[in-house]
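The values are calculated or read from the model by the stated rules, or taken from the named source; none is laboratory data. Treat the numbers as computed from the prediction; the structure is a model and nothing was measured. Here Cβ is always computed from backbone atoms with ideal geometry, including for glycine, and neighbour counts include all displayed protein chains.
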Amino acid sequence: MENLNDEQVRLIGQALSDSWRMKLLNILRKGRTAACQSTLCISKPLAICPEDLKRMIPELSSSKISYHLKILQEAQLIKQCREGKRIYYYNVQDIFYEFELWLRKFHNI
């Protein structure tokens, strides 16, 4: 992955600024668990579908989960894969590494 530009950094910062999105990211980082009841995603076995996220965070409505997933996806922190009618989400590790490199530029200021 190439270096992040200012717009990408802004989107990542915006995505990380919400506690619900951080909770979703942490769930996606851990990947699929025994709590997941949906069909397994064959191409990405650790990916989680929104229905399972709703079970894990019952205080968030399905529409709010979709909204937060959209913001995380726009920031390229997560990706989706489709199998049949289901959509599954998973973390993108490279973007976190690139963001960490971007932050390190400010370490010696």
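Summed over the range 21-38, residues that are in contact (Cβ under 8 Å) with a residue 40 or more places away in the chain and loosely packed, with under 15 Cβ neighbours inside 10 Å total 2.
Only one of Pro50, Pro58 is exposed (fewer than 11 other Cβ atoms within 10 Å of the Cβ) and within 20 Å of Gln37 (Cβ to Cβ). Can you tell me which?
Working: Pro50 fails: exposed (fewer than 11 other Cβ atoms within 10 Å of the Cβ).
Exactly one residue qualifies, and that residue is Pro58.
Restricted to the range 8-109, the set of helices (runs of 4 or more DSSP H) holding at least 1 residues that are among the hydroxyl-bearing types (Ser, Thr, Tyr), modelled with pLDDT under 95 and out of contact with any Lys or Arg (no Cβ under 9 Å at 6 or more places or on another chain) comprises 93-104.
Picking from residues in the range 85-108 that are among the β-branched types (Val, Ile, Thr) and touching a helix residue (DSSP H, G or I) at 6+ places or on another chain (Cβ under 9 Å), the one that is surrounded by the most Cβ atoms within 10 Å (Cβ to Cβ) is Ile95.
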